[in-house]
Amino acid sequence: MGGFMSTRPIGRAMTTAAALLAGATMAAPPARAGDWLADKSGCRVWNPNPQLEETVTWSGSCANGRAEGQGIVRWLKGDLPIETDEGEWHDGRQASKGTQTWPGGRYDGELSDGEPNGRGVLTVQNLKYDGEFRNGKPNGPGTLTANGETVQGIWKDGCLQGRRKASIGIPLSACR
């Protein structure tokens, strides 16, 4: 098996996540810092990966102007849904266990500040990663399966460590 590559962070920003290294390289969009976004009622949710012209809807409780408790966030670009997040929110940020679903992909697992943190399963197109995450990227033990081939190993900041080369959420060229 060659290496795997991915160039974008998890969630709305990870719609292109796994190709065999024998394929193309894709440039990552410029990173933007997270920001608060309010729905029509004024309830705010934390957006770790803001995109231009993005709006949000929240179905759940609002405490002190921020999403709180069980609920669903729908991220929209124009009138088109680009991601649906379900689970628990604390002070406007998705936390605990939850699900993030977008066209072509899904994440199920532990979250902190709206990003994968802890144990989780990421499925995007022909890729499945089952393992540990930190700050939205694979970190720690994990198993990557794509096109019927499986690689187990230790990941650091989105890069598979060892002889085999693979990345999730960052360009393969960023891995050493």
Efficiency of FRET between A174 and A63 - r from beta-carbon atoms, R0 25 angstrom, step 0.05: 0.05
For a test of the definition: using alpha carbon positions, the gyration tensor, and the 1.5 limit on a/c, classify the stretch 81-158 as rounded, prolate or oblate. oblate
Cα centre as origin, Lys/Arg/Asp/Glu Cβ charges: the stretch 50-151 dipole, Debye: 140 debye
Taking L160, L52, L76 and counting other C-beta atoms within 10 Å, the order from fewest to most: L52, L76, L160
Förster radius 41 Å - calculated FRET efficiency between W36 and I154 (Cβ-Cβ, nearest 0.05): 0.70
Taking 0.36 nm per residue of separation between R119 and L76 and subtracting their Cα-Cα distance, the length gained on full extension comes to 12.8 nm
Simple spin-label estimate for N147/R164, 7 Å along Cα→Cβ, in nm, reads 1.3 nm
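Taking other Cβ within 10 Å of each residue's Cβ, how do C159, C175 sort, fewest first? Present the calculation step by step, with values, prior to reporting the outcome.
Working: C159 22, C175 18.
Arranged by neighbour count, lowest to highest, C159, C175 become C175, C159.
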In the stretch 119-176, how does Rg compare with the Kirkwood Rh, expressed as the Rg/Rh ratio over alpha carbon atoms? 0.91
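Every number here is computed from the coordinates shown, using simple stated rules; none is lab data. Predicted model, so just to flag it, every value in this text is computed and none were measured. Please note: Cβ atoms are built from the backbone with ideal geometry, for glycine as well, and neighbour counts cover all protein chains shown.
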